[in-house]
1. Under the classification rounded if a/c is under 1.5, otherwise prolate if a/b is larger than b/c and oblate if not, where does the range 308-377 fall, given a ≥ b ≥ c as square roots of the Cα gyration tensor eigenvalues?
2. Filter the cross-link list 57/88; 318/373; 88/316; 214/375; 33/171 down to pairs whose alpha-carbon distance in this structure exceeds 28 Å.
3. Using all Cα-Cα distances in the range 67-168, what percent lands in each 10 angstrom bin from 0 up to the longest?
4. What distance in nm lies between label points placed 7 Å from Cα along the C-beta direction at residue 316 and residue 229?
5. Go ahead and run the numbers for FRET between residue 370 and residue 439, Cβ-Cβ distance against an R0 of 25 Å, rounding to 0.05.
6. So how compact is the range 295-418: Cα radius of gyration and Dmax in angstrom?
7. With the dipole of the chain worked out from charges on the C-beta (+1 for Lys and Arg, -1 for Asp and Glu) around the Cα centre, which of 38, 138, 186 lies farthest toward the positive end?
8. Please give, to one decimal in nm, the separation of the simple spin-label points placed at residue 271 and residue 419, each 7 Å out from Cα toward the Cβ.
Amino acid sequence: MKVIVIGCTHAGTAAVKNIATLYKDASITVYEKNDNVSFLSCGIALYVGGVAKDANKMFYSSPEELKALGVKMNMKHEVLEVDSEQKKIIAKDLVTGEVKVDHYDKLVMSTGSWPVIPPIDGINLENILLCKNFHQANIIIEKAKGAKNITVIGAGYIGVELVEAFQLDGKNVTLIDGEERILNKYLDQEFTDIVEAEFTRRHIELALSQTVTKFEGENGKVAKVITTKEEIATDLVILCVGFKPNTGLLKGKVEMLDNGAIVVDEFLQTSDPNIYAAGDSCAVYYNPLGKHMYIPLATNAVRMGTIVGHNIMEPKVKYLGTQGTSGLHIYDLNMASTGLTELTAKQAGIAYQTVDVIENNRPEFMPTYEEVKLKLVYEEASRKILGAQIISKADMTQTINTLSVCIQKEVTIDELGFIDFFFQPHFNKPWNILNQAGLSALV
Ligand SMILES: Cc1cc2nc3c(=O)[nH]c(=O)nc-3n(C[C@H](O)[C@H](O)[C@H](O)COP(=O)(O)OP(=O)(O)OC[C@H]3O[C@@H](n4cnc5c(N)ncnc54)[C@H](O)[C@@H]3O)c2cc1C
């Protein structure tokens with residue numbers, strides 16, 4: 001069995017390691033256009049902010065490690081074409097320019113995603129940067145050294161993490177977003193208000209409810225960002241306005257969502273049974289709404305890559321779907337969310353109810369304690385939990401992982417009131433905050 005894997009960051013590395021370990025007889029060939037594997041982009045803001053000092057520790061595998069497993073590694077090779085009828089690929093060696101043809105029995109598509117680059121006037125000016133891979137992280141660090149005013153476009157979790165890193169590094173920072181709130185896909189307003197207040201207190205300019213119409217330059221370098229509301233002088237711009245799946249190679253060959261995300265079944269097979277897909281190149285099954293959606297996260301990528309590894313010979317392990325669970329640490333605020341917020345439940349037309357709990361994380365007789373704010377969204381008729389958000393200076397984020405399980409297992413808000421959680425004054429109160437949330441919804 002000859003397996004070709006295209007793309008080797010998280011989904012690809014997980015697939016390769018699992019296939020190599022589980023199926024010793026399989027012949028595995030990787031094509032990766034970059035010169036590294038397994039780079040953790042989630043460390044970029046920490047690297048930029050100087051928290052992570054050693055860039056080498058942001059890789060958890062290497063071409064050498066995969067070679068030692070018997071994998072043929074073609075680094076700096078870009079796949080230009082997939083012929084799914086003939087089961088062959090055409091790839092270019094980016095160093096020598098040589099074009100090669102290779103054949104597969106099974107293909108793993110783990111080509112991931114690429115940042116969305118909006119077609120704005122002036123977008124090609126120097127010092128307008130993307131933030132995705134190791135190479136770009138190094139450029140950001142290098143360019144930021146000489147920059148005084150930095151503008152981040154896009155107030156999702158990546159933009160917000162970069163803003164914090166630049167502010168701590170003493171830069172004047174502006175954060176632009178077309179929405180009226182930051183992080184609006186992950187958290188409801190009562191949560192984002194807290195983070196926005198922290199940004200404002202630290203003199204970060206929040207340029208919200210406005211979109212960029214033009215970049216103006218001086219000597220070829222960006223100097224001004226023009227928005228629908230204002231003009232912002234800037235030395236550096238980082239674009240963080242989202243990701244699109246990198247799936248042009250399979251366009252018209254397998255089923256995709258409108259944005260090009262590959263649709264896979266529960267065994268992660270595409271509509272072509274010889275092609276599997278995993279990670280950011282795919283749509284994922286979103287359990288709270290019971291449909292395929294595009295939610296690019298490293299967590300999905302490693303899970304999917306691992307499952308592809310198990311299923312490459314025969315369908316064995318099912319993907320359980322996702323709640324899009326994510327966490328964030330900004331200054332001394334710890335926050336996390338899973339499933340639907342009140343806003344996304346409303347947008348989906350779901351009849352829902354919410355429960356809010358504000359409580360200290362542990363008894364007031366302890367020397368220190370912190371306020372915790374928790375919100376749950378549940379379906380009105382079935383009372384099943386659909387989503388949750390938490391914020392605190394104490395790290396209560398694991399609570400959201402528990403609630404992710406609850407959503408996946410269709411636990412009701414009433415059951416949550418009486419689920420067995422431990423009590424120990426170092427950690428919590430006799431009524432765990434999750435029990436409290438369930439109890440306050442009891443009718
Ligand atoms: C700044 C930042 C912070 C993030 N933080 C988090 C976080 O905290 N938590 C979280 O869960 N997720 C986070 N993510 C998202 C996470 O990084 C992605 O979901 C993850 O990288 C997806 O992995 P992947 O292997 O599917 O795809 P990618 O990481 O996109 O990798 C795809 C690989 O395919 C290669 N490739 C593409 N096309 C070809 C071709 N034609 N030929 C050969 N090779 C090709 C690319 O070079 C690349 O190496 C973050 C992302 C960014 C950018």
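1. Judged from the Cα gyration tensor, the range 308-377 comes out oblate (a/c at least 1.5, b/c at or above a/b).
2. 57/88; 318/373; 214/375; 33/171
3. Pairs per bin, as whole percents: 10, 31, 25, 23, 11, 1.
4. It is 5.4 nm.
5. Using R0 = 25 Å, I get an efficiency of 0.70.
6. 16.8, 58
7. About the Cα centre, the residue reaching furthest to the positive side is 38.
8. With each label placed 7 Å out from Cα toward Cβ, I get 3.7 nm.
The values are calculated or read from the model by the stated rules, or taken from the named source; none is laboratory data. Since the model is a prediction, treat every value here as computed from it, not as a measurement. Ideal geometry is used to build each Cβ from the backbone, glycine not excepted, and the neighbour counts take in all protein chains shown. The area values use the complete protein model at the heavy-atom level, side chains included, leaving out ligands, DNA and RNA. Shrake-Rupley method; radii C 1.70, N 1.55, O 1.52, S 1.80 Å.
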